1. Residues that are assigned by TED's automatic domain parsing to the domain that holds A:H209 and surrounded by fewer than 18 Cβ atoms within 10 Å (Cβ to Cβ), at least 3 per element: which helices (runs of 4 or more DSSP H) completely within region A:63-174 meet that?
2. From the list B:R172, B:R180, which one is surrounded by fewer than 24 Cβ atoms within 10 Å (Cβ to Cβ), modelled with pLDDT under 85 and within 14 Å of another protein chain (Cβ to nearest Cβ)?
3. Under the condition of being among the β-branched types (V, I, T) and part of a loop (DSSP other than H, G, I, E, B), which residue from region B:206-221 is nearest to the other protein chains (Cβ to nearest Cβ)?
4. Taking only region B:14-40 into account, find how many residues are under 14 Å from B:V253 (Cβ atoms) and out of contact with any helix residue (DSSP H, G or I) (no Cβ under 7 Å at 6 or more places or on another chain).
5. Has region B:94-105 got at least one residue that is under 14 Å from the mean Cα position of the chain (by Cα), in a helix (DSSP H, G or I) and either closer than 23 Å to A:F259 by Cα or at pLDDT 85 or above (or both)?
6. Residue by residue through region A:219-228, note down the ones that are at the interface with chain B (Cβ under 9 Å from one of its Cβ atoms) and of a type in the set (A, V, I, L, M, F, W, C).
7. Name every residue in region A:247-265 that is more than 8 Å from chain B (Cβ to nearest Cβ) and more than 31 Å from the chain's Cα centre (by Cα), in order of residue number.
8. Could you look through region B:232-286, keep only residues that are within 7 Å of chain A (Cβ to nearest Cβ) and assigned to a loop (DSSP other than H, G, I, E, B), and pick out the one that is modelled with the highest pLDDT?
Amino acid sequence: MTEIPTAPSETPAINRRRSPFGDAAIRVFGRLWRRRYVHLTALGYIVLLVLFWREFLSIPSGQALSNWSPPNETHPFGVNALGQDMLKLSLAGGAKSMTVALVGAALGVGAGILASWLVVISGRRIIGFWSLTRISHWGTFTPAFSVLVLIAVGLRPGFWLLAVLLAGVIFIATVARIARWFEDLELRGDTIAGTVLGFTSIQVVNRNHLPVVIRRGIALSCSLVPGLVLGETALSFIGLGLVDGSWGKLIADGREVVFEAPWLLIYPGLVASLSLFALASLGWMARRSMNGELPPRVF
Amino acid sequence: MIRFLVRRTGIAIVRLIAMVLVLGTLTQFSLWLLDEPRQVWQLAGSFDSAELADFSKRSIASFRVLAICWTTVVIFGLMIGILSARFRQSRGMKLFWMPFMVASWVPAFWLVCLAALWLLEGWGHPGFADGEAPVRVEGLNQWWHASLLGVILAAGAIGFQYRICREGIIRRGTQQEFIRSSFMRGHRRSTIFYDHILKNSMPALTGVIDRGLPATLGMLAVSEWAFRYPGLGQFLVEGARLGMPEAVFLTAVVFSGVVILVTLLAEWIHGILDRRIRTGPYPIHY
């Protein structure tokens, strides 16, 4: 009788399969690196800014009211009425806006992936995908900014509540797209092969679909961040978003004294515009690198 | 044809009713959070006749801005989208639409504040829209301020619209098999683009004219408040700042109505131009 060879207790390193999630992460950064290393640098800069903004940017506290001063060699963006340096204020405001937008985008896309994953796992795919698609379809003709203002009137959101509100907008805007990714992956040959080989539905979804969807989800989040930053800036501008030191608040303060001290309006807006354009080009490049689709309309 | 138009109109009415219900629920939620004893169904009692007359005046002022803005966006967005798709391989032509791409990420409310500064410093005008009017002709000053706001908003919205046209529709058309085979057979690029790709994309291009409208309406509200322009946006923002969800509700309903109306128009045009859309199960594939 022929003995069936048993697998060795330890798989040789050459045959060891990498983690699908690790593989996806390596692909993300590999593609970014190949396409535009400048964007990778910008991404690293933004991550550092977001994580350590408190340490890097010590905002000068409001001293006794003194006269503002226009831009000079010591303060290239000028000084406001409280004696605070506008350059530092603009950078710190950007870090706050970007942080809330990053958290909102990650939460929204994450919730979309979770909802679609639950639909696939539960087996009710037709009705589940249809429901998720309808949610996004109804979101396409909702004036999201007015709805956000309506909620913010009562809630007066802080950092986390604002991030959750923005995540809700992102969820509604992206969930149909994410559900479509799962639907497309269901029809691929490797999914059918996995089913024929005897893998369960959950195994196929977790090992085959999820890494691809997460990879695309990261790219989608990157492309949504600038829109969310713009939305948060607009909310802060009218006094309903982050009220202390975000870009919108700085621009609103500058608007009050625009004819007397125009630098208080010009420089925060300039920093916001340049940063938003940099973020947008990073997002578009990330989306192209991941071979994704167009970002949906948000606000 | 008539059946299609009536069906889409019915769906638009259902959408509007559903949107009013959703917005009403959110308003009631905000009133509850603010500990206000008022109810959303007692909304008619919150405004007297003078305030309602003021609201209708503000609506006309905002529609003036929107008409200027959206006409510009549709015409220039489609034109630049088509041109950028046709000359997508030309690096020099990128300089032509790059300003619109940059403008789409500049906060419009910041730009209108700069415009107020420019009006005062460069033109000797009073700056913001609520300053003393230098033009004595009735109505002309309103159109001047409306066009200023409309053009600034349009500059940003064109950046989004042309990308939607180029990326969403025309790029897909260029990747079809028969287009590639026409290219391989030696047909001229311009012939392939204008005779096939653009011709096939035109019905779908008309279906995306409403894509950027909700975002533009949001930015319109903030920009009107920034420019102190007496429109619906100022009404919305002032209402929000004073803790009056009813004012926000009323404005949000008008904005929703505008979006649903433009979406209906886009669906009608798309359906009239494309028979497959008219007879298919779902008229618009988002």
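1. A:86-122, A:125-139
2. Among B:R172, B:R180, only B:R172 is surrounded by fewer than 24 Cβ atoms within 10 Å (Cβ to Cβ), modelled with pLDDT under 85 and within 14 Å of another protein chain (Cβ to nearest Cβ).
3. Residue satisfying both the conditions and the ranking: B:V208.
4. Residues meeting the conditions: 5.
5. Among the residues of region B:94-105, not one is under 14 Å from the mean Cα position of the chain (by Cα), in a helix (DSSP H, G or I) and either closer than 23 Å to A:F259 by Cα or at pLDDT 85 or above (or both), which makes the answer no.
6. none
7. Correct list: A:E256, A:V257, A:E260, A:A261.
8. Residue satisfying both the conditions and the ranking: B:G243.
The values are calculated or read from the model by the stated rules, or taken from the named source; none is laboratory data. This is a predicted model, so every value here is computed, not measured. Neighbour counts are summed over all protein chains in view; Cβ atoms, including those assigned to glycine, are modelled from backbone coordinates with ideal geometry.
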